[in-house]
Amino acid sequence: MDRCCLLIDTDPGVDDALAILMAHAHAEVVGLGVTAGNVGLAHTLANALKLVEVAAADTPVFAGCPMPLVRAAADAAFVHGADGFGDTGYDPAQRVPAAEHAVSAILRLARERDGELTLVALGPLTHLALALRLDPDLPKRIDRLVVMGGAVNGRGNTERVPAEFNIGFDPEAAHVVFEGWPQFDLVDWEATLRHGLDFAKVERWLMADDPRARFYAAISRRTRAWTRARGRPALMVADALAMAVAIDPAIVVTAEHHHVAVELDGALTRGATVVDWEDRMGRRPNARIVQTVDNGRFEALVAGALGAAC
Ligand code: RIB
Ligand code: CA
């Protein structure tokens with residue numbers, strides 16, 4: 001597997017953390033753009049800085065937007081903890097964020113590494129929308145965009161039932177990206193539900209004698225307990241699944257190309273991802289909708305990021 005070159009936009013949170021550890025273990029990471037989402041920007045930024053320290057890397061971290069483009073949105077602290085990392089009270093990282101804004105960093109790095117970067121969006125799409133508005137030609141300079149977001153058949157994970165969190169947090173931003181980016185890979189919540197991680201395997205990987213395993217065991221404890229308490233059959237790690245698709249494109253087993261749009265106004269459906277499955281709208285397919293991946297390869301990428309044997 002060739003080591004790809006990743007630029008990651010993220011709202012760390014617990015599943016973002018696993019994805020970012022995977023990125024550092026299996027790829028080159030040129031930067032982390034940090035947005036509000038799972039929790040507020042102050043926490044997501046501190047979490048991103050800490051993750052770079054845990055990964056023993058020197059990846060630059062760029063602070064971004066503290067809120068969505070138009071309407072404020074509820075966070076996901078009830079899943080990830082008030083601080084986004086399970087409220088463990090970890091020692092803050094010594095490093096500080098870069099002075100450059102996350103949107104500016106996306107535009108600059110895309111020019112400096114023209115055609116080389118895989119852009120991985122693990123949170124609300126606020127930064128990508130602003131970057132597109134500033135530079136509509138951005139997609140020409142990015143080799144590949146992988147988005148964790150959406151619920152392609154309406155089984156979302158927010159109080160607006162068909163909406164998934166990342167899209168639902170900033171629907172206007174997702175609309176701008178989905179309409180302005182010619183072709184991207186979409187890893188949605190329903191694919192996440194199909195590819196949950198076995199609890200027993202995760203527990204075993206987290207026993208590895210590795211600082212990454214110890215840190216992830218601590219910050220994920222609350223989320224793992226919450227997931228089990230809800231009776232879920234496995235650990236859902238949406239961002240880790242999207243990161244696996246970014247790192248190892250050959251992991252994808254089945255996918256479909258269709259146009260995906262974002263509902264902005266429905267009282268019950270704002271933030272829903274609407275897929276033209278029968279290609280009736282006459283709209284060019286903009287998304288490769290990932291449906292299934294090779295579970296063995298997915299598990300190996302996760303275990304490797306924790307310093308564990310699969
Ligand atoms: O719906 C799952 C997504 O929302 C993940 O990116 C998770 O971190 C949250 O941001
Ligand atoms: Ca996320």
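A few points about this structure:
- Hey, Thr118 in contact with a Lys or Arg (Cβ under 9 Å, 6 or more places away or on another chain), assigned to a loop (DSSP other than H, G, I, E, B), away from ligand 2 (no atom under 16 Å from the Cβ) and farther than 20 Å from Glu179 by Cβ or not: no
- Matching entry among Asp9, Asp75, Asp91 (being open to solvent by 10 Å² or more (accessible area, probe 1.4 Å) and within 16 Å of ligand 2 (Cβ to nearest atom)): Asp75
- Selected residue (only one of Ala19, Ala46, Ala42, Ala25 is under 26 Å from Ala250 (Cα atoms), hydrophobic (A, V, I, L, M, F, W, C), in a helix (DSSP H, G or I) and open to solvent by 10 Å² or more (accessible area, probe 1.4 Å)): Ala25
- Number of positions in the range 158-173 that are crowded, with 24+ Cβ neighbours inside 10 Å and outside any loop (DSSP other than H, G, I, E, B): 8
- Number of positions in the range 174-185 that are of a type in the set (Gly, Ala, Ser) and either outside any helix (DSSP H, G or I) or more than 28 Å from Pro136 (Cα to Cα) (or both): 0
- Qualifying positions in the range 241-265 - open to solvent by less than 10 Å² (accessible area, probe 1.4 Å), in contact with a Ser or Thr (Cβ under 9 Å, 6 or more places away or on another chain) and of a type in the set (Gly, Ala, Ser): Ala242, Ala246
- Flag if Arg155 is open to solvent by 30 Å² or more (accessible area, probe 1.4 Å) and in contact with a Pro (Cβ under 8 Å, 6 or more places away or on another chain): yes
- Top-ranked residue in the range 1-30 [being under 14 Å from the mean Cα position of the chain (by Cα) and of a type in the set (Gly, Ala, Ser); ranked as nearest to ligand 1 (Cβ to nearest atom)]: Gly13
- Candidates Thr44, Thr88: the one that is closer than 24 Å to Val245 by Cα and of a type in the set (Ser, Thr, Tyr) is Thr44.
- The set of residues in the range 277-310 that are open to solvent by less than 10 Å² (accessible area, probe 1.4 Å) and farther than 29 Å from Val14 by Cβ contains only Asn286.
- Leading residue by the ranking (nearest to the chain's Cα centre (by Cα)) among those in the range 238-260 that are hydrophobic (A, V, I, L, M, F, W, C) and more than 14 Å from ligand 1 (Cβ to nearest atom): Ile247
- Yes/no for Ala151 being modelled with pLDDT of 95 or more, more than 30 Å from Ala309 (Cβ to Cβ) and among the small types (Gly, Ala, Ser): yes
- Here Thr35 fulfils each of the conditions (1) touching a residue at least 60 places away in the same chain (Cβ under 8 Å); (2) more than 13 Å from ligand 1 (Cβ to nearest atom); (3) in contact with a strand residue (DSSP E or B) (Cβ under 7 Å, 6 or more places away or on another chain) apart from (2).
The values are calculated or read from the model by the stated rules, or taken from the named source; none is laboratory data. For clarity, every value in this text was computed on a predicted model and none was experimentally measured. As a convention, Cβ positions derive from the backbone with ideal geometry for all residues, glycine included, and neighbour counts pool all protein chains shown. When the accessible area is computed, the model is the full protein with side chains, heavy atoms only, and any ligands, DNA or RNA have been set aside. Shrake-Rupley method; radii C 1.70, N 1.55, O 1.52, S 1.80 Å.
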